[in-house]
1. Please enumerate the residues belonging to region 73-119 that are closer than 22 Å to His34 by Cβ, among the hydrophobic types (A, V, I, L, M, F, W, C) and surrounded by fewer than 21 Cβ atoms within 10 Å (Cβ to Cβ).
2. Is region 60-67 home to any residue that is part of a strand (DSSP E or B) and either more than 20 Å from Gly177 (Cβ to Cβ) or hydrophobic (A, V, I, L, M, F, W, C) (or both)?
3. So, in region 180-192, of the ones that are of a type outside the set (A, V, I, L, M, F, W, C) and in contact (Cβ under 8 Å) with a residue 60 or more places away in the chain, which residue ends up farthest from Leu94 (Cα to Cα)?
4. Could you tell me which of the residues Asp118, Asp163, Asp85 is at pLDDT below 95, on the phi > 0 side of the Ramachandran plot and not polar (S, T, N, Q)?
5. In region 146-201, which residues are closer than 22 Å to Pro70 by Cα and of a type in the set (Phe, Trp, Tyr)?
Amino acid sequence: MQIINAINDTVGTCMSRQNQAVLDEQEIIQYAEHPLTAVGGRSSEADELLDPTTPVMTSDRPGKATIHGPGQSVIWFTLNLDRRDMKYREFAELVRSVVVEQIRLTGLPAEYKNTPVDGIYVEGRKIANTGIKRKGPWVTYGFSVNVDCDLEMYNRIKLCGCDDIEVTSIAAEGVSGHTAETFGFDLATRLVSEFDLWLSRNENLE
């Protein structure tokens, strides 16, 4: 599995690279830090965009609106579950656990919750968003972690279609020394290691 540094690439560039990887049957993980962009999902509605000056992209991932911007680490994965004899639920649980553990390494008490909306939280404040699409054996899209971003960007949208989600970041919780690029690289590297470990474990069972 190839790790790609997509720092400063646009959301559209990462989407296109992801789609091409599926066509080429190539597994990749991109770690990125995007310019300010709101992204709608399949269930998004027009009233989720609160600031019409915000650049917007649509996507075919499940869910509603999210937003990306400088200081936020975004991971895009393109993975074939059949190659690892991996069920979608196993994949989703593995990804969530890796993200939670990586945030906990900063000293923050991160946990996965599905209320009020699916995501990773620190004492009730949302710090990471997930959005995974499955088509056949392929899983695409990914997740974002607020590292040192301007949280005011969330005032531009109804995050996940809701009005009252409190958000936070690693920096806003008082933890310094992390950037979107270094945090994203560490996450991507750890995910590849976990995916390869799963693959080797299943090969040894054959």
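1. Correct list: Val98, Val117.
2. Yes - at least one qualifying residue is present in region 60-67.
3. The residue in question is Glu181.
4. Values: Asp118 fails: on the phi > 0 side of the Ramachandran plot; Asp163 fails: on the phi > 0 side of the Ramachandran plot.
Exactly one of Asp118, Asp163, Asp85 is at pLDDT below 95, on the phi > 0 side of the Ramachandran plot and not polar (S, T, N, Q), namely Asp85.
5. Result: Tyr154, Phe183, Phe185.
To keep it simple, each residue is scored yes or no on (1) farther than 21 Å from Thr78 by Cα; (2) basic (Lys, Arg); (3) assigned to a loop (DSSP other than H, G, I, E, B); (4) under 15 Å from the mean Cα position of the chain (by Cα).
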site: Cys14; (1), (2), (3), (4): no, no, no, yes
site: Gln18; (1), (2), (3), (4): no, no, no, yes
site: Val22; (1), (2), (3), (4): no, no, no, no
site: Gln30; (1), (2), (3), (4): no, no, no, yes
site: Asp47; (1), (2), (3), (4): yes, no, no, no
site: Thr54; (1), (2), (3), (4): yes, no, yes, no
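The values are calculated or read from the model by the stated rules, or taken from the named source; none is laboratory data. Note that the structure is a prediction, hence the values are computed from the model and not measured. Here Cβ is always computed from backbone atoms with ideal geometry, including for glycine, and neighbour counts include all displayed protein chains.
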